[in-house]
Amino acid sequence: MTVFSHPDFDQHEKVAFHHDRASGLTAIIAVHNTRLGPALGGCRIYPYSNDAEALRDVLRLSRGMTYKASLARLPLGGGKSVIIANPHTDKTPELLAAMGDFVESFNGTYITAADSGSGVPEMEAFAKRTRHVVGAGNRDASHGGNRSGDPSPSTVNGVFAGLKAAAGFRLDRDLQGLNVAVQGVGQVGFGLAAQLVESGANVWVSDVYPANVERAVRELGVTAVAPDDIYGLDVDVFAPCAMGGILNETTLPVLKAKVIAGAANNQLGTAAIANELHQRGILYAPDYAINAGGLIDVFYEREGGSADTLNAHVLGIADTLKEIFLRSQEENLPTAVVADRVAMERVNAG
């Protein structure tokens, strides 16, 4: 396996592989860029089919975190970690303790947080071994009282605000009667679907886990479709909220939506897909711009700030997207290209 010649290696500052024999932990931490501050990014726990798949994911995700922090105007760099394991069966106390030690070995240049397959309980376990973790404590809630350190409510709020901005820009309409397909109804996807239904949108959902779909249908009254059928629905907006790489040569030809705005990371299968979307007149809200709410949330947990200040910062995602959309229109460039340029302009400016 090569790293420096890997197609997704983008001058990463540090990529570390770690195996702990006693606990069975096999993990990778990638730090992409720390020019603006320490690298902050979630810990993904997933049963990757091979090491190459895990490396590709962690390299792409860590680079995306650099761009995400930059566009969100946060003094943070980009990093990510992956644990090669089944999140439903392999998360033993010993494995989580070993991962906490692995994070600690970075001496604060990498700060971990929740991601797919991990949440507050895992962050609390890491926090017993390292202080370089966010999302493990309680937070002030915007409506008063306390809430857990789970940042997903802020991710939901940011994606919802971004989806509204994208629909308004491309379709010149609000959410009442809007047809939206939500792919993946885990924590974030379910929360997004709930806000869409509350705003009067018509919502279709799919998920590889039937229990998630059953809950969404039961509690929200949405319409369920098979996972493979979600792409071709005749809807206004397609909202990917599951795994990455789902916008590709197979799915693009069947997409009917004019707007793509969802929470999933690394939605583009290849960089060329961004141009295809642009040529087809499909407005794509770059994933790391629209889903930055969770990162903003954990930043305020670490640095302090009121719930109202946090919420205002999260809602500002809509303004960032409008800036990207306008520049894309004016320069006739894909939104993903514009977002990358804006992000790196800010990083290089320090």
- Looking across the stretch 267-295 at residues that are more than 25 Å from residue 309 (Cβ to Cβ) and hydrophobic (A, V, I, L, M, F, W, C), the single one that is nearest to the chain's Cα centre (by Cα) is 268
- So residue 301, is it free of Cβ contacts under 8 Å to residues at least 60 places away in the same chain and open to solvent by 40 Å² or more (accessible area, probe 1.4 Å): no
- Residues being open to solvent by 60 Å² or more (accessible area, probe 1.4 Å) and at pLDDT 95 or above: count how many of those fall in the stretch 199-209. 2
- Task: Scan (1) without any contact (Cβ under 8 Å) to a residue 60 or more places away in the chain; (2) open to solvent by 30 Å² or more (accessible area, probe 1.4 Å); (3) within 13 Å of the chain's Cα centre (by Cα) for the single condition residue 243 breaks and write down its number.
- Result: (1)
- Query: Among the numbered criteria (1) over 26 Å from residue 66 (Cβ atoms); (2) surrounded by fewer than 22 Cβ atoms within 10 Å (Cβ to Cβ); (3) not β-branched (Val, Ile, Thr), which single criterion is violated by residue 277?
  - Reply: (1)
- Task: Test each condition in (1) modelled with pLDDT of 95 or more; (2) in contact with a helix residue (DSSP H, G or I) (Cβ under 9 Å, 6 or more places away or on another chain) for residue 234 and report the one that comes out false.
- Result: (2)
- Residue selected from the stretch 252-266 under the condition modelled with pLDDT of 95 or more and in a loop (DSSP other than H, G, I, E, B), by the criterion farthest from the chain's Cα centre (by Cα): 256
- Name the pairs: first residue in the stretch 208-234 and more than 22 Å from residue 251 (Cα to Cα), second residue outside any helix (DSSP H, G or I) and of a type in the set (S, T, N, Q), Cβ to Cβ under 7 Å, at least 6 apart or on different chains? none
- Item | Options 271, 349, 264; residue that is surrounded by fewer than 18 Cβ atoms within 10 Å (Cβ to Cβ), of a type outside the set (Phe, Trp, Tyr) and touching a residue at least 24 places away in the same chain (Cβ under 8 Å) | 271
- Task: Filter the stretch 7-43 for residues that are over 19 Å from residue 299 (Cβ atoms), open to solvent by less than 30 Å² (accessible area, probe 1.4 Å) and not aliphatic (A, V, I, L, M) and give the result.
- Result: 8, 12, 23
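Do we have any residue at all in the stretch 145-164 that's surrounded by 14 or more Cβ atoms within 10 Å (Cβ to Cβ) and more than 22 Å from the chain's Cα centre (by Cα)?
no
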- Quick check: is even one residue across the stretch 99-117 open to solvent by less than 10 Å² (accessible area, probe 1.4 Å) and at pLDDT below 95? yes
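The values are calculated or read from the model by the stated rules, or taken from the named source; none is laboratory data. Fair warning: this is a prediction, and the values are worked out from it, not measured in the lab. Ideal geometry is used to build each Cβ from the backbone, glycine not excepted, and the neighbour counts take in all protein chains shown. Calculation scope for accessible area: heavy atoms of the full protein, side chains included, ligands and nucleic acids excluded. Shrake-Rupley method; radii C 1.70, N 1.55, O 1.52, S 1.80 Å.
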